[in-house]
Amino acid sequence: MLTYFRAKARPEQLPAALTLDAHLVVDGDCWVYDGARNHNGYAIMSLGHKKVARAHRVAYAIAHGPIPFGFHIDHVWKAGCRSRACCNPRHLEAITQAENNRRAAEVRKLRTLTVQPVLAVAA
């Protein structure tokens, strides 16, 4: 079990940090949250009193401080990470919506360039 977030957390963040540490599984360079996922594949965690948050946003806030208003937390593709369940602070970056859209388009473009054509089989 990792203890990274427990060591970084401020007192009010300790319950969330303990939950993160208990549910992280190291997969290569990624720290994958093995708890619940939402319909888009993002790891989600309970913060008590029926409040749910995306685990990577909680991880970012504990490791780097508050998320700037209006910013999104991106899983940095150039760091080798596109896993929506990854909570490794080195893979997370606060970016604007415009930058998030640009990066997503870049990833989609790269995926289409690497797709292998399907060969037709003669019957």
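The values are calculated or read from the model by the stated rules, or taken from the named source; none is laboratory data. As the structure is a prediction and not an experimental result, all values here were calculated from the model. With ideal geometry, Cβ positions are generated from the backbone for all residues, glycine too; neighbour counts draw on all protein chains shown.
Observations, loosely collected:
- Pairing each residue of segment 98-111 that is under 14 Å from Lys78 (Cα atoms) with any residue that is part of a helix (DSSP H, G or I) and modelled with pLDDT under 85, provided the two are 6+ apart or on different chains, yields C-beta distances under 7 Å for Arg103/Trp77; Val107/Trp77.
- Checked against the criterion of being within 26 Å of Leu110 (Cα to Cα) and touching a strand residue (DSSP E or B) at 6+ places or on another chain (Cβ under 6 Å), segment 11-31 contains one or more residues that satisfy it.
- Flag if Ile67 is under 8 Å from the mean Cα position of the chain (by Cα) and of a type in the set (Val, Ile, Thr): no
- Of all the listed residues (Arg82, Arg102, Arg108), the sole one being assigned to a loop (DSSP other than H, G, I, E, B) and either touching a Leu at 6+ places or on another chain (Cβ under 9 Å) or of a type outside the set (Ser, Thr, Tyr) (or both) is Arg82.
- A single member of Ala22, Ala94, Ala59 is at pLDDT 95 or above, under 19 Å from Leu2 (Cα atoms) and surrounded by 12 or more Cβ atoms within 10 Å (Cβ to Cβ), and it is Ala59.
- Candidate set: segment 62-84, residues that are closer than 22 Å to His39 by Cα and either in contact with a helix residue (DSSP H, G or I) (Cβ under 7 Å, 6 or more places away or on another chain) or acidic (Asp, Glu) (or both); chosen: the one surrounded by the fewest Cβ atoms within 10 Å (Cβ to Cβ): Trp77
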